[in-house]
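Read through the structure below, which is laid out as structure tokens, and then see the notes.
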Amino acid sequence: MYTFNPGPSAVYPAVRQYLTDAFDEGWLSAPHRGERFTGLMRQTVTDLRAKLNIPQDYTVFFLSSATECWEVLTQSLTPTKSFHLYSGAFGEKWLDYARALRPASTGQAFGLDELPNVHTLPFNDDTDLVCLTQNETSNATQLRDGFILNVFNRLGNALLAIDATSSLGGIQLKYIKADIWFASVQKAFGLPAGLALMVLSPRAVARFRHLNERAHYNSLTAQYEKMLNWQTNYTPNVLGIYLLSRVLQDRAPIKAVHQHLQDRATKLYDFFDSATQLSPLVQNPETRSTTVIGLQGPPALIDEVKRSALAQGMQLGNGYGTWKANSLRIANFPAIPDAAYEKLVQFFAKDFA
Ligand SMILES: *Cc1c(COP(=O)(O)O)cnc(C)c1O
């Protein structure tokens with residue numbers, strides 16, 4: 001069975017062996033203040049930098065989900081308000097969580113095929129955080145590097161926070177062009193859920209240390225202080241961190257992974273643009289995601305395609321939010337082998353051309 005679900009997504013087949021190793025090596029009851037665990041933390045952060053090209057001066061934290069990252073960013077880096085630019089369900093949910101804690105927060109929606117004008121975005125010097133979803137998993141859109149750079153260049157006092165949940169680990173991100181990046185590992189990392197990464201610029205670290213918010217167990221200040229000794233302030237997901245370290249050691253550098261996914265995405269979009277009854281959900285090639293491919297069609301046809309694919313050993317991702325009934329999603333993640341996409345294309349060519 002191949003699963004193309006964009007999250008939780010297919011895990012690397014090697015995870016089976018890593019799980020056995022974790023058990024046999026005693027990681028499941030390793031004390032989280034002991035040297036063995038802190039060594040694992042240090043090594044995992046080193047490998048993250050090496051394999052994903054995370055800058056040396058950026059700080060890495062481990063959290064438990066992207067949703068937790070949203071909330072922590074509001075708690076610890078948003079004394080007044082955040083501004084959210086979003087095109088889909090995840091970006092909008094982030095705004096909802098931010099507003100619940102900081103009611104002055106605002107948002108602006110944009111369309112799937114649209115590139116918003118950076119110069120008219122309504123944020124100002126009272127805005128603490130500008131929030132973008134680099135890869136909107138719900139509607140298969142992506143904000144390109146150039147767009148993020150343009151926002152970065154007009155930030156003023158605000159910090160730029162980027163939800164890269166379904167792209168971090170799959171594509172090369174320009175970390176220096178934003179202050180905060182985060183992702184959970186059950187998408188592009190090919191790992192089970194329950195762990196997230198947050199990557200922070202020196203400017204972001206200086207900001208949360210200055211704000212010194214300590215009202216929450218997962219405050220960034222508290223995480224920072226513990227992380228100086230490669231620890232966390234609560235018992236962390238040791239198994240998740242172990243699995244991440246194993247996956248990182250076995251992975252190619254991000255540049256190669258990126259090129260591979262890019263080539264695969266180009267082939268898939270070309271195929272779905274021309275040859276099938278379903279067409280790409282996103283029409284504008286400039287806003288299409290590399291790592292999540294959306295297809296649209298009448299609900300009855302979407303249903304039939306999903307059912308028929310499942311009967312042939314391929315689980316396609318459901319549509320999400322407003323696109324639930326009339327779209328389906330295909331993850332293009334590193335853990336899914338090329339053979340899966342060959343089988344998928346043959347299936348569409350034969351039954352739904
Ligand atoms: C899946 C997803 C989330 C939520 O991730 P959790 O780990 O379930 O909290 C947030 N943002 C984006 C873009 C996502 O794809």
Residue, modelled with the lowest pLDDT, within region 154-173, restricted to residues that are out of contact with any helix residue (DSSP H, G or I) (no Cβ under 8 Å at 6 or more places or on another chain) and polar (S, T, N, Q): Asn157
Which listed residue, of Ala158, Ala140, Ala164, is more than 13 Å from the ligand (Cβ to nearest atom) and of a type outside the set (Phe, Trp, Tyr): Ala158
For Ala353: the one exception among (1) at pLDDT below 95; (2) touching a Phe, Trp or Tyr at 6+ places or on another chain (Cβ under 9 Å): (2)
Where Thr322 falls short, out of the listed (1) at pLDDT 95 or above; (2) surrounded by fewer than 19 Cβ atoms within 10 Å (Cβ to Cβ): (1)
Single residue of Leu155, Leu168 found to be under 21 Å from Gln56 (Cα atoms), in the same structural domain as Pro116 (by TED's automatic domain parsing) and either surrounded by fewer than 24 Cβ atoms within 10 Å (Cβ to Cβ) or of a type in the set (A, V, I, L, M, F, W, C) (or both): Leu168
Region 89-112 - residue that is of a type in the set (Ser, Thr, Tyr) and under 23 Å from His216 (Cα atoms) and, of those, nearest to the ligand (Cβ to nearest atom): Tyr97
Residue match in region 77-88 (condition: assigned to a helix (DSSP H, G or I), touching a residue at least 24 places away in the same chain (Cβ under 8 Å) and within 15 Å of the ligand (Cβ to nearest atom)): no
Any hit, region 60-71, residues being away from the ligand (no atom under 16 Å from the Cβ) and either touching a residue at least 24 places away in the same chain (Cβ under 8 Å) or crowded, with 19+ Cβ neighbours inside 10 Å (or both): yes
Odd one out for Val11, checked against (1) in a loop (DSSP other than H, G, I, E, B); (2) under 22 Å from Arg209 (Cα atoms); (3) β-branched (Val, Ile, Thr); (4) within 15 Å of the ligand (Cβ to nearest atom): (2)
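Here are some residues: Ala309, Ala256. Which one is buried (at least 20 other Cβ atoms within 10 Å of the Cβ), in a helix (DSSP H, G or I) and not charged (D, E, K, R)?
Matching residue, one of Ala309, Ala256: Ala309.
The values are calculated or read from the model by the stated rules, or taken from the named source; none is laboratory data. Owing to the predicted nature of the structure, the values given are computational and were not obtained by experimental measurement. As a convention, Cβ positions derive from the backbone with ideal geometry for all residues, glycine included, and neighbour counts pool all protein chains shown.
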